[in-house]
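Nothing in this text is a laboratory measurement; each read-out follows from the coordinates by a stated rule. Keep in mind it's a predicted model, so treat the numbers as computed, not measured. Here Cβ is always computed from backbone atoms with ideal geometry, including for glycine, and neighbour counts include all displayed protein chains.
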Amino acid sequence: MFDSMFRRKAQENEMNSQKRLPPGQSLTQKFPVLHYGPVPSFDPVTWELRVWGEVEQEVRWTWDEFNLLPRTRLLMDIHCVTHWSKFDTAWEGVSVRTLIEQGLIKPLPTARFVMQHAEYGFTANLPLEIVLAENFLLATHYGGEPLAPDHGYPLRGVVGHIPGREQLKTPYFWKGAKWLRGLEFMTKDRKGFWEQAGYHNQADVWNEERFG
């Protein structure tokens, strides 16, 4: 037990010296499970991802169709508002930026924000610039394996920090919705589930924007 504690502290100190540990955060070697409500069931026959709003044409993908979309892999540090950080986490999924570059989603010039819609009516809002950045992904896999149900299987939004890419904005991890079912492109911002409950709308990890 003490060896594990010393190793964790040594790694935390190393991340801090590399300026990868945001203020108020501490390293975890686990992957804590935090969400509101129960874990939903998944039916690949009826599941679909819908894209609508400020786009030229609404898009819907079935689960089989979604898995044929271009794939992206990312290595990111993730930071939870509850003060834990996990480093060098490996994700695989679909990049929204790639979908737009390939013409599979065509936002209108008026699109400025994106609302992630998930099961049970859960929502998470982000500026379009973050959704289109390298550090946002529609993830199906974590650590080389399909997402666990309590981590958002079959699909979740993930956003984190890519080491060496300090120019990319990094929100807290809640800004990626588990059990994702839709992306709504919007002209104006709307608060998501946790923002309506008092969490900070921008949620920048380096400025400790935890609560509004």
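Against the list (1) outside any loop (DSSP other than H, G, I, E, B); (2) crowded, with 16+ Cβ neighbours inside 10 Å; (3) without any contact (Cβ under 8 Å) to a residue 40 or more places away in the chain, the condition Trp91 fails is (3).
Would you check which residues across region 57-88 are under 17 Å from Gly182 (Cβ atoms) and assigned to a helix (DSSP H, G or I) and list them? Of everything in region 57-88, those that are under 17 Å from Gly182 (Cβ atoms) and assigned to a helix (DSSP H, G or I) turn out to be Trp63, Glu65, Phe66. Go through region 151-198 and give me each residue that's in contact with a strand residue (DSSP E or B) (Cβ under 8 Å, 6 or more places away or on another chain), of a type in the set (Gly, Ala, Ser) and either part of a loop (DSSP other than H, G, I, E, B) or free of Cβ contacts under 8 Å to residues at least 12 places away in the same chain (or both). Gly152, Gly160, Gly176, Ala177, Gly192, Gly198 - these are the residues of region 151-198 that are in contact with a strand residue (DSSP E or B) (Cβ under 8 Å, 6 or more places away or on another chain), of a type in the set (Gly, Ala, Ser) and either part of a loop (DSSP other than H, G, I, E, B) or free of Cβ contacts under 8 Å to residues at least 12 places away in the same chain (or both). Would you call Ile100 in a loop (DSSP other than H, G, I, E, B), over 30 Å from Glu14 (Cβ atoms) and not small (Gly, Ala, Ser)? In short, no.
Residues of region 159-212 that are within 19 Å of Tyr36 (Cα to Cα), of a type in the set (D, E, K, R) and within 13 Å of the chain's Cα centre (by Cα): Lys175, Lys178. Among the candidates Glu129, Glu134, the residue that is assigned to a helix (DSSP H, G or I), touching a residue at least 12 places away in the same chain (Cβ under 8 Å) and surrounded by fewer than 18 Cβ atoms within 10 Å (Cβ to Cβ) is uniquely Glu129.
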